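Okay, structure first, notes after.
The values are calculated or read from the model by the stated rules, or taken from the named source; none is laboratory data. Just so we're clear, the structure is a prediction, and the values are computed from it rather than from any experiment. Counting neighbours? That spans all protein chains shown, and the Cβs are built from the backbone with ideal geometry, glycine included.
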Amino acid sequence: MPNDVKQVVTPAQRQINFNALTKKLIDTYPSKPLTENGKVNIDLDDVDLTSRVYLIIEGTFDAIHGSSETYTPARFAPYSLLNKINVRFNSGFVPFDISGKSAYLMKLCERNPSVWTPNATATTRTANILTTVADTDGGGNENQTCRFVVDLGFMLNERDINGILLTQDKETTVTITLEADDVLTAILGDASGFTTDNVSFTVTPVVERFTIPSNPDAMPNIAQLKEVEDNVIPLSTVGENEMVIQTGGIIRRIFLDFYDSTDGHTDAEMTRLKIKINKSSTKWDITSKALMIKNQLLYGQALPQGCYCIDFASQGLPNYGGQRDWLDTDTIARLTINPTITATCSCRMTVERLRKLV
């Protein structure tokens, strides 16, 4: 082969080169206060390739009532404390723009989903805790313990490096912004007769990153990043509805949460779901019960009532499938999800896709 002909490095070979020429590093940033109805910014260090950020959120508060000794947490508490989780490049690209509820549902759709459900016992050695004992004497001595973890994974999974962030670029800054709700609404669900006091929360970022490989043929494709965003869509028609999904990029997973003012929709209230491409082609046509069963078989436990995952990224193991089933929407003019409902509701739709940076 002539010396001036450049050999093309395949993605598989690039992955092998990367694994051989890099090392994982872990760094814990100083804790920052997270206040009710407040906002906190976390800037990632301008070093290496950042693959994941765990946000450990810990706090205490008093749940006060004249007679009740306990309370029922709000749906998706304590993750519902976070109204917004936003990760933004100074160039304008946003890898994550979701709520805490979406962050929770996404983790239930992976391996070991049970570890993400909060434990009610403060003395238990577990990642997620939410105690529910109320203070009935007004003395403020019933401090509730709360801890939960938000996992912002930029790589597709622990194996596939697509989506990793080049944070060593001195011209690029990456900022994580958290916007919090108040505890009474987000965690206690505005329970009748309750007040809260002595609220104190912090957030501690734990950052995983990889060293920059010395060989350019071992560098990941940093022009393709993962993008996750959510939005709430009101469904006001009993019968078949239509939810339009923005096209562009490769969709890996779509997380759906159908809920009303009190709880998630049952399988009798959200009965059927279709995925339609360009109006004429139906890619999926499945009952809610069948999708619930399909999700449980894949993730190992049933998702919360009203929640489903349309999963194009699993082939036997959650989130470890290849491009065989990914939905490339760059050549699709129109993409919709059409749920059939027997009672009006809202749907929180979270879409994970791969995008090429221009």
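Restricting attention to the range 76-93, report how many residues are under 16 Å from the mean Cα position of the chain (by Cα) and in a loop (DSSP other than H, G, I, E, B). It would help to see each step written out before you state the result.
Keep residues of the range 76-93 that are under 16 Å from the mean Cα position of the chain (by Cα), which gives 76-88.
Those left that are additionally in a loop (DSSP other than H, G, I, E, B): 76-78.
Count: 3.
Taking residue 43 as the residue in question, decide whether it is over 21 Å from the mean Cα position of the chain (by Cα) and of a type in the set (Asp, Glu). Break it down into steps so the answer makes sense when it comes.
Values: over 21 Å from the mean Cα position of the chain (by Cα): no; of a type in the set (Asp, Glu): yes.
So residue 43 fails the test.
Every residue in the range 3-49 that is small (Gly, Ala, Ser) and more than 30 Å from residue 184 (Cα to Cα), please.
Listed by number, the residues that qualify are 12, 20.
Among the listed residues 37, 90, identify the single one that is of a type in the set (S, T, N, Q), on the phi > 0 side of the Ramachandran plot and surrounded by fewer than 20 Cβ atoms within 10 Å (Cβ to Cβ).
37
Could you identify the single residue in 293, 337, 275, 286 that is at pLDDT 95 or above, over 21 Å from residue 248 (Cβ atoms), in a strand (DSSP E or B) and among the β-branched types (Val, Ile, Thr)?
286
Kindly indicate the residue of the range 313-348 that is without any contact (Cβ under 8 Å) to a residue 60 or more places away in the chain and surrounded by fewer than 18 Cβ atoms within 10 Å (Cβ to Cβ) and also nearest to residue 153 (Cα to Cα) among those meeting that condition.
322
Can you tell me which residue among 334, 355 is of a type in the set (Lys, Arg), in contact with a Phe, Trp or Tyr (Cβ under 9 Å, 6 or more places away or on another chain) and more than 21 Å from residue 75 (Cα to Cα)?
355
In this structure, is residue 31 in the same structural domain as residue 160 (by TED's automatic domain parsing), surrounded by fewer than 20 Cβ atoms within 10 Å (Cβ to Cβ), among the hydroxyl-bearing types (Ser, Thr, Tyr) and modelled with pLDDT of 95 or more?
yes
In the range 143-177, what residues are assigned to a loop (DSSP other than H, G, I, E, B) and buried (at least 18 other Cβ atoms within 10 Å of the Cβ)?
The answer is 154, 155, 156, 161, 162, 163, 164, 167.
What is the number of the single condition among (1) modelled with pLDDT under 95; (2) buried (at least 20 other Cβ atoms within 10 Å of the Cβ); (3) under 18 Å from residue 76 (Cβ atoms) that residue 309 does not meet?
Exception for residue 309: condition (1).
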